[in-house]
Amino acid sequence: MRRALDALYGTALWLSAICIMIIATLVGLQVAARIYDAIMRLFGLPRGGFVILSLAEISGYLFAAASFLALAGTLKSGAHIRVTMLVNALPARVRTLVEGAALAFAAAAAAYGTWHVGSYAWQSLAFNAVSAGMLPVPLVYPQAAMAAGAAILTVAFLDELVITIRTGRPSFSAHEDAVNLGREG
C-alpha cells in the first residue's frame, strides 16, 4: 500500500511538472515568434504573424492543474508552510493529538473542496461548458485536473493522519526537523 500511495504522489508531481513544462514551451514559442516578427519588421520583410490563441487562458488552466496536482507531493515532502511554534512546545502525547486533529480537519476540508470542484467538472461535462476565449477550451479538463489534485491531497492528509496515529508524528515532520536543524547550525 505504501508503494502505491508514493507512486500516486509521484505521478501527480510528474503531471504537475509536465503542465509547467508545457506552459514554458508555449510561452517560449510565442516569445520566439514575436522576436522573429520584430527582426523581420526591422529589415522591412513580411512578418510571420505566429500567435498562440488564448495563450494566457491556456497557461492559467495549466497552472491551476499544476498547482493542484503538486499539493499532495509537497505535503508529503514537508514543503507546505506550517506554523509549528505552539505544536513544538507541547508534550509528545498532546502534540500527537493536536496534529491528528489538524490532519483530520484538513482531510475533511480537502474532501469538501474535492467534492465541489468535482461537481463543477461534472456540470461542465454535462453542459459542454467551454471557455469564452478565442479558442474554446472545454472547462471539464482543467476542472477535472483540479479535482484530481484535490482528491489526491485528501488521500495524502488521510495517509498522514494514519501515520500520525501509528507513530506519533506525521512523516513530513522529519523534513521539517531537518530544515530546523539547518537553521540552528
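The values are calculated or read from the model by the stated rules, or taken from the named source; none is laboratory data. No experiment lies behind these values; they were computed from the predicted model shown. Here Cβ is always computed from backbone atoms with ideal geometry, including for glycine, and neighbour counts include all displayed protein chains.
Structure notes:
- In the stretch 98-150, the residues that are among the polar types (S, T, N, Q) and assigned to a helix (DSSP H, G or I): 114, 119, 123, 124, 143
- Scan of the stretch 67-105 for residues that are surrounded by 19 or more Cβ atoms within 10 Å (Cβ to Cβ) and farther than 29 Å from residue 21 by Cβ, ordered by number: 95, 99, 103
- Here residue 179 passes the criteria (1) within 23 Å of residue 57 (Cα to Cα); (2) modelled with pLDDT under 95 except the one numbered (1).
- Among the residues of the stretch 109-130, the one identified as exposed (fewer than 13 other Cβ atoms within 10 Å of the Cβ) and within 26 Å of residue 172 (Cα to Cα) is 112.
- Scanning the stretch 35-50 for residues that are at pLDDT below 95 and of a type in the set (Ser, Thr, Tyr) turns up nothing.
- Candidates in the stretch 70-89 are the residues that are aliphatic (A, V, I, L, M) and either touching a strand residue (DSSP E or B) at 6+ places or on another chain (Cβ under 7 Å) or at pLDDT 90 or above (or both); of these, the one that is nearest to residue 164 (Cα to Cα) is 75.
- Qualifying residue in the stretch 52-66 (condition: at pLDDT 95 or above, more than 30 Å from residue 30 (Cα to Cα) and either within 23 Å of the chain's Cα centre (by Cα) or not in a helix (DSSP H, G or I) (or both)): no
- Residue pairs whose Cβ atoms lie under 6 Å apart, separated by 6 or more positions or on different chains, with the first residue in the stretch 72-95 and under 20 Å from residue 153 (Cα atoms) and touching a residue at least 40 places away in the same chain (Cβ under 8 Å) and the second polar (S, T, N, Q) and surrounded by 14 or more Cβ atoms within 10 Å (Cβ to Cβ), are 80/74.
- Residues that are within 30 Å of residue 74 (Cα to Cα) and free of Cβ contacts under 8 Å to residues at least 12 places away in the same chain, drawn from the stretch 19-38: 21, 24, 25, 28
- The stretch 13-51, residues that are in a helix (DSSP H, G or I), small (Gly, Ala, Ser) and touching a Phe, Trp or Tyr at 6+ places or on another chain (Cβ under 9 Å): 16, 32, 33
- Neighbours by Cβ (under 9 Å, 6+ apart or cross-chain): first from the stretch 39-60, on the phi > 0 side of the Ramachandran plot; second in a helix (DSSP H, G or I) and of a type in the set (A, V, I, L, M): 49/33
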